[in-house]
Amino acid sequence: MYLDSALAGVAALLTTTTVATQYVAQTSAAKVSGKVFDRMAVIWLENTNYDKAAGDPSLQYLAKKGITLSSYYGVTHPSEPNYVAAIGGDYFGMNNDDHNNVPKNISSIVDLLEAKGISWASYQEDMPYTGYQDTEYDNPRTGANMYVRKHNPCVIYDSVATQPSRLNLIKNLTLFQNDLKANALPQWMFITPNMTSDGHDSSVTTAGTWTRNFVEPLLSNSNFMNKTLVLITFDENHDYTQPNKVLGILLGDVIPSSLVGTTDSTFYDHYSEISTVEANWGLDTLGRFDVGANVFKFVADVVGEKVRSWGSTSGSVALSNMYFNQSYAGPFNSKYKNGGWAVPNVDAEYAGRTVLQKIKDAWSSASGNKIYTTNLEIPDGQHPPKGFEPK
Ligand SMILES: *[C@@H]1O[C@H](CO)[C@@H](O)[C@H](O)[C@H]1NC(C)=O
Ligand SMILES: *[C@@H]1O[C@H](CO)[C@@H](O)[C@H](O)[C@H]1NC(C)=O
Ligand SMILES: *[C@@H]1O[C@H](CO)[C@@H](O)[C@H](O)[C@H]1NC(C)=O
Ligand SMILES: *[C@@H]1O[C@H](CO)[C@@H](O)[C@H](O)[C@H]1NC(C)=O
Ligand SMILES: *[C@@H]1O[C@H](CO)[C@@H](O)[C@H](O)[C@H]1NC(C)=O
């Protein structure tokens, strides 16, 4: 513990210069205009059933200022595979919270954003210093869980963590406040509160209060709110025997006033977080489950894209039979490792979006299981993709 914090201090000193340089880089970078938003901030809370989250007064307060997503699903259990899915378009069979490393040849939203010159960062409350890569960092005074790597999706991808310029963009919330003051916030950001603030080791009341306290001042801060979309959601529900439905709230000055206080019951899952960003900035895709995911409807309406209902593909399993409560097999599964690294669908084209050239180059001649389509419906452990049966 003591050694940890001493090391953190040293590393913090070492990173001061690079962080200061980053401000210059980010403020001087041209902003890339999106069709609907110029900035998106994604905030993830932890382990709460839909009804419980929707009943929290602080989250209700925020929901009244935006759009409630009432049919939004986590993709499996436990936490980490959901975070991994939300930026990479699959969880590769993961059914654990281990110190997993996604191989370097697997791309994420970071590659899609950087290809178009869109700035990004990950802000992790109480991560001791920029680019920290350990499994966790406990509160040095109390020993309580504080920062955990399993909730920091960018650092889990070797395609991010092994590149110093990218690692330098994985920061803590102190630096979020600095970047805010310096009007140097990036255009896409993933924000993870600590293990108390996100409800993991506390309650939905604590998570809701933290979120309202964090978000409310931002709603009227022009360094943040300038054609900005905020998504507040949860990684997974709490009761594994129930369908994995979580609350989603969309906020920001880009929400049309006619939609403020409304509910959108379109089917979404964590892959919608990627497809919405792709649709907004005209990005390429990862060729994985991002391709078929619904774009948030108010964005889809502007870009001229249709949202689909679960079950619109013939032969698909009814949504009422999908619990998304168990992972299919794959390299990260603790028990069922069959299936290998699924190969991106390099020929996938949906809503005018095609796969990132770098991904085509890396994977077009790869042999392996091809499981990704342009369909909305995604698999789970009870309805696994071919080759990834848990057996
Ligand atoms: C956040 O990161 C900076 C830069 O590495 C470090 O100096 C600071 O101590 C960290 N803050 C917290 C609360 O850990
Ligand atoms: C998490 O952050 C909050 C402030 O946002 C703080 O009150 C709490 O003590 C932190 N949790 C731990 C375990 O340190
Ligand atoms: C808001 O965005 C516009 C367009 O990118 C920019 O000109 C303006 O400076 C921004 N406002 C703030 C406070 O950053
Ligand atoms: C997932 O849900 C199904 C259907 O209710 C149930 O049979 C199964 O036991 C659940 N799995 C877990 C891990 O809870
Ligand atoms: C991607 O990396 C994994 C892990 O190193 C390796 O097994 C796989 O063969 C690679 N696939 C391609 C297409 O390069």
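Side notes on the structure shown:
- Tally, over region 354-377, of residues that are open to solvent by less than 20 Å² (accessible area, probe 1.4 Å) and touching a helix residue (DSSP H, G or I) at 6+ places or on another chain (Cβ under 9 Å): 3
- Remark: pairs (first residue in region 226-244, free of Cβ contacts under 8 Å to residues at least 40 places away in the same chain and farther than 20 Å from Gly34 by Cα; second residue assigned to a loop (DSSP other than H, G, I, E, B) and more than 16 Å from ligand 3 (Cβ to nearest atom); Cβ separation under 6 Å; 6+ apart in sequence or on different chains) are absent.
- Index of the failed condition, Glu278 passing every other in (1) assigned to a loop (DSSP other than H, G, I, E, B); (2) under 21 Å from Tyr83 (Cβ atoms); (3) open to solvent by less than 20 Å² (accessible area, probe 1.4 Å): (1)
- Given (1) open to solvent by 30 Å² or more (accessible area, probe 1.4 Å); (2) more than 25 Å from Ala115 (Cβ to Cβ); (3) in contact with a strand residue (DSSP E or B) (Cβ under 7 Å, 6 or more places away or on another chain), index of the condition Phe324 fails: (1)
- Selection within region 193-229 - in contact with a helix residue (DSSP H, G or I) (Cβ under 7 Å, 6 or more places away or on another chain) and either within 11 Å of ligand 2 (Cβ to nearest atom) or of a type in the set (Asp, Glu) (or both): Pro193, Thr196, Ser197, Asp198, Thr209, Thr211
- Asn101 meets all of the listed conditions (1) open to solvent by 50 Å² or more (accessible area, probe 1.4 Å); (2) more than 17 Å from the chain's Cα centre (by Cα); (3) within 16 Å of ligand 5 (Cβ to nearest atom) but one, namely (2).
- The set of residues from region 167-179 being part of a helix (DSSP H, G or I), open to solvent by 10 Å² or more (accessible area, probe 1.4 Å) and of a type outside the set (Ser, Thr, Tyr) comprises Leu167, Leu173, Leu175, Gln177, Asn178.
- Checked against (1) in a loop (DSSP other than H, G, I, E, B); (2) out of contact with any helix residue (DSSP H, G or I) (no Cβ under 6 Å at 6 or more places or on another chain); (3) open to solvent by less than 10 Å² (accessible area, probe 1.4 Å), Val75 passes all but a single condition, namely (2).
- Count of residues meeting criterion [part of a helix (DSSP H, G or I) and over 23 Å from Asn96 (Cβ atoms)] in region 145-166: 3
- Condition check for Gly292: more than 16 Å from ligand 5 (Cβ to nearest atom), modelled with pLDDT under 95 and either in a loop (DSSP other than H, G, I, E, B) or closer than 20 Å to Ile109 by Cβ (or both): no
- Going through (1) over 23 Å from Ser58 (Cα atoms); (2) open to solvent by 40 Å² or more (accessible area, probe 1.4 Å); (3) more than 16 Å from ligand 1 (Cβ to nearest atom) one by one, Ala182 falls short only on (3).
The values are calculated or read from the model by the stated rules, or taken from the named source; none is laboratory data. What you see is a predicted model, and the numbers here were worked out from it, not measured in a lab. We place every Cβ from the backbone using ideal geometry, glycine too, and count neighbours over all the protein chains shown. These accessible areas exclude ligands, DNA and RNA; they are computed on the full protein's heavy atoms, side chains included. Shrake-Rupley method; radii C 1.70, N 1.55, O 1.52, S 1.80 Å.
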